[in-house]
Structure formats: structure tokens, C-alpha cells
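The structure under discussion appears below in the form of C-alpha cells.
The values are calculated or read from the model by the stated rules, or taken from the named source; none is laboratory data. Everything quoted here is computed from the prediction, not taken from an experiment. Don't worry about glycine lacking a Cβ; one is built from the backbone with ideal geometry, like all the others, and counts go over all protein chains shown. We work out accessible area using only protein heavy atoms, side chains counted, and drop any ligands, DNA or RNA first. Shrake-Rupley method; radii C 1.70, N 1.55, O 1.52, S 1.80 Å.
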Amino acid sequence: GLFQEADNGTIFLDEIGELPLALQVKLLRVLQENEVRPIGDTKTQQVDVRVIAATQKNLEAEVKAGAFREDLYYRLNVLNIKLPPLRERLGDVPLLIDHFITKCSTHLGKEILKVSPPALSILLKYSWPGNIRELENIIERAVALCDETEISVRDLPSDLRALSMSSLET
């Protein structure tokens, strides 16, 4: 169904490295034949879909370990963009925060404009083990809790506030 909806467009397959081998075969068939057969249907339907796939796994290593199909790997690996983890590109954090504030404010019907300098300082010192998804979740939480137009330190999760306090003590 998702491939049909994405017909003449783009589909994003997140965490492709987690796809079980049985589903990898089916995905490979879709990519090779440009057609899908909906569940319960006897006829295939042509689809024209650009695929963007992401993973945190090293797919070359997964192929060598037999956990990812080599033919699917080569089919997907047309243009490979390696993006360092967020902790290695902290300069992106303010831009991502602004984006997530806009997105979450719109979704939640709030008018949050920015993050206070002290809160931003905490967010810039954090190591982001959960990467961009973690940042988005933290901003969504902060927007939901914020009762001003600016996210403050008190709107951040307690573990981040605690990290801030421990860094001030050292």
C-alpha cells in the first residue's frame, strides 16, 4: 500500500538494516520489477517510486554476516550519503531545534518561538546518543510543557537539567 501511495514520488524506508530477510526478498522484487501485488489481489500494479533508505547499521558488514541481502544492498546503494551522528555536528542542533519547534508548535497549536540561551546551552552540551530522533522528542516534550513563547530550562527533561547542574559543579 505504501508503494502504491508513493507512486510517481518518493518513499522513505527508515532503518532498512532492521528489515527481516523474508521482507528483503519482497522489497528487492518491488525494486527490480517496479510492481507490487496488494495483499489479497491476484494482479500486480506498476509503480514508479524513488526510494530513500536510512539505517544506523553498517550494511556492508550486515551483508558479510548474512543478515542483509547483497543484491538488495547493491540495488539500494546507488547514492550513499554518510551522515555523522548529531554529537559530531553540534552546529546543526540550533537549526534542527528551530525546525522542530515550528513543527511541534503547529501540531500542538502553540506559539513557541525559540529556546532560551540557557536551555540552548544545555542542548548544545548534550551528547545525543539517540541522535536526531531524541532531539525531536525532547523538543516536542518541551513545546508541550512550555507555557511561554520561549522554551526554558524547566521545560527540558530532568536528566538534561541534571547534566547541566553537574557540569556547573565541575
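Cβ contacts < 8 Å: first residue acidic (D, E), restricted to segment 152-163; second residue open to solvent by 50 Å² or more (accessible area, probe 1.4 Å) and in a helix (DSSP H, G or I), any location; separation 6+ or different chain. Result? From residues that are acidic (D, E), the pairs are D155/R141; D155/L145.
Name the one entry in N77, N131, N58 that is at pLDDT below 95 and on the phi > 0 side of the Ramachandran plot. Spell out the reasoning first.
Details: N77 fails: on the phi > 0 side of the Ramachandran plot; N58 fails: on the phi > 0 side of the Ramachandran plot.
The unique qualifying residue is N131.
Applying the selection to segment 109-122, what residues are hydrophobic (A, V, I, L, M, F, W, C), touching a helix residue (DSSP H, G or I) at 6+ places or on another chain (Cβ under 6 Å) and closer than 15 Å to L163 by Cβ? Working first, answer last.
The first filter runs over segment 109-122 and keeps only residues hydrophobic (A, V, I, L, M, F, W, C), leaving 112-113, 115, 119-120, 122.
Going one step further and asking which of them are touching a helix residue (DSSP H, G or I) at 6+ places or on another chain (Cβ under 6 Å), we end up with 112, 115, 119, 122.
Selection gives A119, I122.
Taking every residue in segment 50-65 that is within 14 Å of L83 (Cβ to Cβ) and pairing it with any residue that is open to solvent by 50 Å² or more (accessible area, probe 1.4 Å) and assigned to a loop (DSSP other than H, G, I, E, B), at least 6 positions away or on another chain, the pairs with Cβ-Cβ distances below 7 Å are A54/D14.
Take the residues of segment 130-149 that are in contact with a helix residue (DSSP H, G or I) (Cβ under 8 Å, 6 or more places away or on another chain) and not in a helix (DSSP H, G or I): which is nearest to D14 (Cα to Cα)? Per the stated criteria, the residue is G130.
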